Amino acid sequence: MKEWLLIDGYNVVNNWKEFKTVREENLEHAREMLLAVASEYAAFKGQEVILVFDAQEVQGLSNEESRGGASIVFTAEGETADSWIERKTYELAKEGNKVFVVTSDYAEQIVILGVGAYRISAREFREEYLAVKKQIHERNSREIQGKARNEVGNRLKDDVLSKLERLRR
């Protein structure tokens, strides 16, 4: 079973303080920052990620592209990101996938939950991302330390290390 992360792009950009100031000056840069965040998070979690931006900010036909380990969707003019996400969530859930949707839109959250997917608010996603960022940093620090000294403990997973530590005590 695959895990999917669908993100209502402008919903997150408008809710995170890190993106708000950048968005006012350069919307494209704010989208690129979100792409980097989403790609890093999804790679660590082992999820497929789709960022969805609606036509309120982009004119024309629907456009899909892949960049940075993520799919980016710009909906067609007149189509909301909410409706695109709801349709895609239904398709993915129907195929037996585990689907997480990042949005703070209450009406969309209700629809998402009704389909059997999981909802994550923009604020919760920020908290989870910061926790993942910390785990990545800790893992990288341990790996760097492990390369300096060739110890068995540096090559074992955390759960094995904690079990060995309990035995030692």
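Each Cα pair of the range 96-137 feeds into the Kirkwood radius, which the Stokes-Einstein equation turns, at 10 °C and 1.306 mPa s, into a diffusion coefficient of 143 µm²/s.
Could you please report the charge total around ARG67, scoring K, R as +1 and D, E as -1 over all other residues with beta-carbon less than 13 angstrom from its beta-carbon?
With Lys, Arg at +1 and Asp, Glu at -1, the neighbours total -3.
Normalised by the number of residues in the range 1-71, the mean separation of alpha-carbon contacts (under 8 Å, six or more apart) gives a relative contact order of 40 percent. Couplings 3J(HN,Hα) of the range 23-35, computed from phi: 4, 4, 8, 7, 4, 4, 5, 4, 5, 5, 5, 5, 4 Hz, in residue order, whole Hz [Karplus 6.51 cos²θ - 1.76 cosθ + 1.60, θ = phi - 60°; x for Gly and Pro].
In the chain, inverting the average of 1/r over every pair of distinct C-alpha atoms gives 17.6 Å as the Kirkwood radius.
For SER62, the residues whose amide H sits under 5 Å from its own are ALA76, GLU77, ignoring neighbours fewer than 5 places away on the same chain, with H placed 1.01 Å from N.
What do you get for Rg/Rh over the range 25-94 if you use C-alpha atoms and the Kirkwood form of Rh?
Working: Rg = 12.5 Å, Rh = 12.8 Å.
Radius of gyration relative to Kirkwood radius: 0.98.
List the relative contact order of the range 3-122 as a percent without decimals, with contacts defined as Cα pairs under 8 Å and 6+ residues apart. Please list the in-between numbers first.
Working: 209 pairs, mean separation 34.6, N = 120.
Contact order relative to length: 29 percent.
As a check on your grasp of the helix formula, calculate [θ] at 222 nm for the chain: sum -39500 (n - 2.57) over DSSP H runs of n ≥ 4, divide by the residue count, round to the nearest 500.
Working: 7 runs with 97 residues, N = 169.
The per-residue figure over the chain is -18500 deg cm²/dmol.
Since only LEU161, THR80, HIS137 are under comparison, the one whose Cα sits farthest along the positive direction of the charge dipole of the chain, derived from C-beta charges on Lys, Arg, Asp and Glu, is LEU161.
Each reported figure results from applying straightforward, stated rules to the coordinates on display, with no laboratory input. No experiment lies behind these values; they were computed from the predicted model shown. Positions of Cβ are generated from backbone atoms using ideal geometry, with glycine treated the same way; all protein chains shown enter the neighbour counts.
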